[in-house]
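The values are calculated or read from the model by the stated rules, or taken from the named source; none is laboratory data. Just so we're clear, the structure is a prediction, and the values are computed from it rather than from any experiment. Cβ placement follows ideal geometry from the backbone for every residue including glycine, while neighbour counts extend to all protein chains displayed.
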Amino acid sequence: MPWAHLAVAAISAGFLSSLTDWFFAGDWLHRRFTYPEVWRTGSEQRAIALTIPLPFVTCAAFLLLCAALRLHSLASAAELAAAIWVIGPLPLILTNAAFMKLHRVFVVSHAAGWLVKLLIASVAADWLVR
């Protein structure tokens, strides 16, 4: 696997998936479907700076996993993305929603955002092996 190709795929998928974070849990949704007492007050600059690298890490790890498992089709990468979503983000988001005051619209949107993020990584994985 050419490392430069992997880096381009991870950066591209990371950038696109960071846009999904903005779209599915961005300011519009955050202002309308959240409870103010749940969120920290003040500047969010530090939190944003700390979380910017995370979509890139997620996509790079997914690409490495696809390469290690020798997945060579979009279908198999998408199946892995769906399985990871059911194993990790979905139960975590639903558990958080059960114990924290989170609006249902925000929960559904956040869960959908994670699925889209993983599917973007699966498209990048398919592109990587071509």
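Might you check whether a residue that is at pLDDT 90 or above and surrounded by 13 or more Cβ atoms within 10 Å (Cβ to Cβ) occurs anywhere in region 96-105?
Checking region 96-105: at least one residue is at pLDDT 90 or above and surrounded by 13 or more Cβ atoms within 10 Å (Cβ to Cβ).
I need a count of the residues in region 93-103 that are in a helix (DSSP H, G or I) and either in contact (Cβ under 8 Å) with a residue 40 or more places away in the chain or within 21 Å of residue 14 (Cα to Cα) (or both).
1
Would you pick out the residues in region 66-90 that are of a type in the set (A, V, I, L, M) and part of a loop (DSSP other than H, G, I, E, B)?
Within region 66-90, 69, 71 meet the criteria.
Just one of the numbered conditions (1) exposed (fewer than 12 other Cβ atoms within 10 Å of the Cβ); (2) part of a helix (DSSP H, G or I) is not true of residue 113; which one?
Every condition holds for residue 113 apart from (1).
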